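A.B. asks: Below: one structure in structure tokens.
The values are calculated or read from the model by the stated rules, or taken from the named source; none is laboratory data. A quick note: this is a predicted structure, and the numbers were derived from the prediction, not measured. Counting neighbours? That spans all protein chains shown, and the Cβs are built from the backbone with ideal geometry, glycine included. For the accessible areas, the whole protein counts, side chains as well, though only heavy atoms, and no ligand, DNA or RNA atoms are used. Shrake-Rupley method; radii C 1.70, N 1.55, O 1.52, S 1.80 Å.
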Amino acid sequence: MERSNIKQKVKRLEKESGSRSLWETERYRIPMILCGALIYSFGVNLFLRPLHLYSGGFMGFAQLITNLLRSSGLYHSKMDLAGFIYYLMNIPGLIIAYKTMRRRFLYKSVLSVSLITVLLTLVPIPKAPILDETIANCLVAGIMGGAGVGMILRSGSSDGGMDLIGMILIQLKGHYSVGMVNIAANAVLYTICLILFDVPTAIYSLIYSVISSTTCDKVHTQNINVEVLLVTKLEDTEPLEVAIMGSTGRGMTKMSATGSYSGQGETVFLIVLSKYEVQEFLNVAREYDPSAFIIYDENIQVEGHFTKKLT
């Protein structure tokens, strides 16, 4: 079979899989976005805001602006203004996303930002910290905030702010991490906090930021690249090749090999995936060859053309 025929089959399968899986994938991702927004909002409002600390990123700047408006006497309402300011700050980023990202990502990001804005306004902020220790509140808020944002990012969306900027940079450049982009932006925010307020406020806010960013990167598995080697003894590998490339949208390198012990001919496929694509790959590979020998290595560095699939 000529390679051109295989390419045609792969493209046809990609098209069929894309149209078939749109609803199948998004119907699970929308509830995950809602859950992530809830976890983030409860973590920030219940554990961080009572400490008068700053959550980092656009939300941290929104908190800072709100507090400065209150302290200057320009804003007197009991309604928290941070969520509304956060939404306004995200409009330029959403416009950039409209020009650079897929429409599906944009629509889900608008949904995520809207949900977070509403929830941060509705979730009550306790007058006193829930836990006795400041560091404990920071840790819980950081884990909840990072996990919530990570769930939103993993759903092919963004919660806005520096996470949205990070996703755009990943799409355009590749060599970026959402968590690391957040840490860089927060360095500026917490330097301002250090100048305007006191050292404990800046230090505890920074602790929250680091915990949140680290947790976010652990949950946001699109940042993790995986090298996979598949060894098969199938005589006709074309159906396996078409199924894998059609379902993952990734190319593979095909190599002929011989087993040292058995002397039998084998075929080795090399493919690089994002971590969240590995399970789909394994499902397809086991369907066509249950006895295939598969090795995968996480957190590899990739140079050259490798598409970051974020949606």
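A.B. asks: Between Leu234 and Leu74, what is the spin-label point distance in nm, taking each point 7 Å from the Cα along the Cα→C-beta axis?
C.D. replies: 6.5
A.B. asks: Please identify every one of the trypsin sites (Lys or Arg not before Pro) in the stretch 237-277 that sits in a loop by DSSP and has no more than 16 other beta carbons within 10 Å of its own beta carbon.
C.D. replies: none
A.B. asks: Is the shape of the stretch 81-200 rounded, prolate or oblate, going by the alpha carbon gyration tensor and its root eigenvalues a ≥ b ≥ c, with a/c under 1.5 for rounded and a/b larger than b/c for prolate?
C.D. replies: Because a/c hits 1.5 or more and a/b exceeds b/c, the stretch 81-200 counts as prolate.
A.B. asks: At a Förster radius of 25 Å, what calculated FRET efficiency corresponds to the Cβ-Cβ distance of Gln264 and Ile300, to the nearest 0.05?
C.D. replies: 0.30
A.B. asks: Would you work out if the stretch 184-311 is rounded, prolate or oblate? Take a ≥ b ≥ c from the square roots of the eigenvalues of the alpha-carbon gyration tensor; rounded if a/c is under 1.5, else prolate when a/b is larger than b/c, oblate otherwise.
C.D. replies: Verdict is prolate for the stretch 184-311.
A.B. asks: Let me ask another. Mind giving me the nanometre distance, one decimal, between the label points for Ile195 and Leu122, set 7 Å out from Cα along Cα→Cβ?
C.D. replies: For the pair Ile195/Leu122, the computed spacing is 3.8 nm.
A.B. asks: Would you mind telling me the share, in percent, of accessible area of the stretch 43-173 contributed by carbon and sulfur at probe 1.4 angstrom?
C.D. replies: 68
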